[in-house]
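Let me begin by presenting the structure, written as structure tokens, before commenting on it.
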Amino acid sequence: ASLWVAPACGPGMAAEGPEKTAEERAAEKPIPPGVINVWVNKGQTGYGIYFKQMPDGEGMYVSKLDPGSEADKAGIQVGDHLVMVDDKDVRFVPYQDTLAVVRGLRACKMTFSPGTTF
């Protein structure tokens, strides 16, 4: 289901207000129940979790897990969606922005939603 679509805008047409921020969109759509919190530490090869960009360009999902990684032990599965990093909602944040934050941390709490679509 689409959460927000920018109105059509062309010559002589005005957009109906500014686009909503990621924070505004997240506030309108609560995180679904059943999330899994995982505290991860970056090792020599990273966190052992690999992500791919959601088709709409916002958010990310798990594409691969290293066997025995903290996320694997916690029950995270391929297809699960990353919804929060250190309690910050990242569902509507552009993929590259979230990836940059995650890569810059040595340890963090990641919150996943089991394969849900937002």
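The values are calculated or read from the model by the stated rules, or taken from the named source; none is laboratory data. Please read all numbers here as calculations on a predicted model, not as lab measurements. Don't worry about glycine lacking a Cβ; one is built from the backbone with ideal geometry, like all the others, and counts go over all protein chains shown. Just so you know, the surface numbers come from the protein's heavy atoms only, side chains and all, with ligands and any DNA or RNA stripped out. Shrake-Rupley method; radii C 1.70, N 1.55, O 1.52, S 1.80 Å.
Yes or no: GLY46 at pLDDT below 90, under 22 Å from GLU28 (Cβ atoms) and either open to solvent by 40 Å² or more (accessible area, probe 1.4 Å) or of a type in the set (Gly, Ala, Ser) (or both)? So GLY46 does not fit the description; no. Strands (runs of 3 or more DSSP E) fully within segment 31-118 that include at least 3 residues being over 11 Å from the mean Cα position of the chain (by Cα): 36-41, 60-65, 107-113. Among the residues of segment 13-20, is any on the phi < 0 side of the Ramachandran plot, at pLDDT 80 or above and surrounded by 12 or more Cβ atoms within 10 Å (Cβ to Cβ)? Yes, segment 13-20 contains a residue that is on the phi < 0 side of the Ramachandran plot, at pLDDT 80 or above and surrounded by 12 or more Cβ atoms within 10 Å (Cβ to Cβ).
Residues in segment 52-69 that are of a type outside the set (Ser, Thr, Tyr) and crowded, with 19+ Cβ neighbours inside 10 Å: GLU58, GLY59, MET60, VAL62, LEU65. Within segment 32-42, work out how many residues are at pLDDT below 85 and either exposed (fewer than 12 other Cβ atoms within 10 Å of the Cβ) or closer than 15 Å to GLU58 by Cα (or both). Going through segment 32-42 one residue at a time, the tally reaches 1.
Filtering segment 58-91 to residues that are under 18 Å from ILE31 (Cβ atoms), hydrophobic (A, V, I, L, M, F, W, C) and modelled with pLDDT of 90 or more leaves MET60, VAL62, ILE76, LEU82, VAL83, MET84, VAL85, VAL90. Among the residues in segment 75-83, are any open to solvent by less than 10 Å² (accessible area, probe 1.4 Å), over 20 Å from ALA22 (Cα atoms) and β-branched (Val, Ile, Thr)? Yes, segment 75-83 contains a residue that is open to solvent by less than 10 Å² (accessible area, probe 1.4 Å), over 20 Å from ALA22 (Cα atoms) and β-branched (Val, Ile, Thr).
Of all the residues in segment 85-118, those that are closer than 19 Å to GLY43 by Cβ and basic (Lys, Arg) number 3.
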